[in-house]
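Following: one structure in structure tokens, then a few remarks.
The values are calculated or read from the model by the stated rules, or taken from the named source; none is laboratory data. Bear in mind the structure is a predicted one, so any value in this text is a computation, not a measurement. No Cβ is skipped: glycine too gets one built from the backbone with ideal geometry, and neighbour counts run over all protein chains shown. Just the protein is used for accessible areas: all its heavy atoms, side chains included, with ligands, DNA and RNA removed. Shrake-Rupley method; radii C 1.70, N 1.55, O 1.52, S 1.80 Å.
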Amino acid sequence: MIEVGDQLPDTELSLRDYLSDGPLLILFYAEANTPLCTQQLCAFRDDEEMINELGAAVVAVSSDPPWDLERFNDEHRFPFPLLSDPALEAAAAFGVVDESGKRAQRAAFVVDANGLIGLTIPFYQPNNLEHYQEIFAALGLDI
């Protein structure tokens with residue numbers, strides 16, 4: 001399991017390519033077009049303006065194939081990339097493969113511009129206000 005202070009792991013998804021001058025929020029979700037995962041991603045889609053004001057970026061990762069992600073994005077218009085991790089290589093590097101071994105569990109990680117992990121929520125719950133506030137505090141919002 002990735003811990004606060006660890007370096008962003010190198011994976012085939014090249015998550016380092018998404019680092020910029022601000023923090024990066026990496027969201028893992030189990031499956032496109034399922035109720036809780038849709039809620040998870042739509043919440044951050046709806047807060048795009050605040051995320052941009054914080055100078056942050058977002059990427060979302062699941063084991064879904066690219067065509068499912070494209071359809072999911074067409075339906076919900078996410079302002080951030082949906083990345084396909086079919087072999088669960090990135091999910092394994094972060095320690096968030098679910099018990100079935102077939103998909104990622106819902107999780108959230110905030111990485112600073114230098115690639116250091118600043119926040120880990122390995123069992124992210126979309127309905128948990130505390131998780132949401134922790135993420136925005138890690139992105140730089142004064143809560």
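Details
Yes/no per residue for (1) touching an Asp or Glu at 6+ places or on another chain (Cβ under 8 Å); (2) open to solvent by 60 Å² or more (accessible area, probe 1.4 Å):
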site	(1), (2)
E31	yes, yes
Q40	no, no
E48	no, yes
A60	no, no
L69	no, no
A92	no, yes
D98	no, no
A137	no, no
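- Tally, over segment 121-135, of residues that are open to solvent by 40 Å² or more (accessible area, probe 1.4 Å) and outside any loop (DSSP other than H, G, I, E, B): 5
- Total residues in segment 87-105 satisfying the condition of being in contact (Cβ under 8 Å) with a residue 12 or more places away in the chain and touching a strand residue (DSSP E or B) at 6+ places or on another chain (Cβ under 9 Å): the figure is 10.
- When the residues of segment 67-79 are filtered to those that are of a type in the set (A, V, I, L, M, F, W, C) and over 15 Å from the mean Cα position of the chain (by Cα), the one that is farthest from R106 (Cα to Cα) is W67.
- Residues of segment 85-103 include none that is of a type in the set (G, A, S) and closer than 13 Å to L25 by Cβ.
- Only a single criterion out of (1) within 15 Å of G22 (Cα to Cα); (2) open to solvent by 40 Å² or more (accessible area, probe 1.4 Å) is not satisfied by P86, namely (1).
- Number of positions in segment 106-117 that are within 14 Å of L27 (Cα to Cα) and either free of Cβ contacts under 8 Å to residues at least 40 places away in the same chain or open to solvent by 30 Å² or more (accessible area, probe 1.4 Å) (or both): 1
Rundown of residues vs (1) within 22 Å of E134 (Cβ to Cβ); (2) assigned to a strand (DSSP E or B), yes/no style:
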residue	(1), (2)
V4	yes, no
D10	no, no
D17	no, no
C37	yes, no
Q40	yes, no
A60	yes, yes
D68	no, no
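- Candidates D64, D68, filtered to the one that is among the acidic types (D, E) and in contact with a strand residue (DSSP E or B) (Cβ under 7 Å, 6 or more places away or on another chain): D64
- Residue in segment 45-66 that is farther than 26 Å from D142 by Cα, more than 13 Å from the chain's Cα centre (by Cα) and among the polar types (S, T, N, Q) present: no
- One residue stands out among those in segment 71-83 that are in a helix (DSSP H, G or I) and touching a residue at least 12 places away in the same chain (Cβ under 8 Å): the one that is least open to solvent (accessible area, probe 1.4 Å), which is F72.
- Selection count where residues are of a type in the set (S, T, Y), surrounded by fewer than 17 Cβ atoms within 10 Å (Cβ to Cβ) and under 22 Å from F136 (Cα atoms), scope segment 8-27: 1
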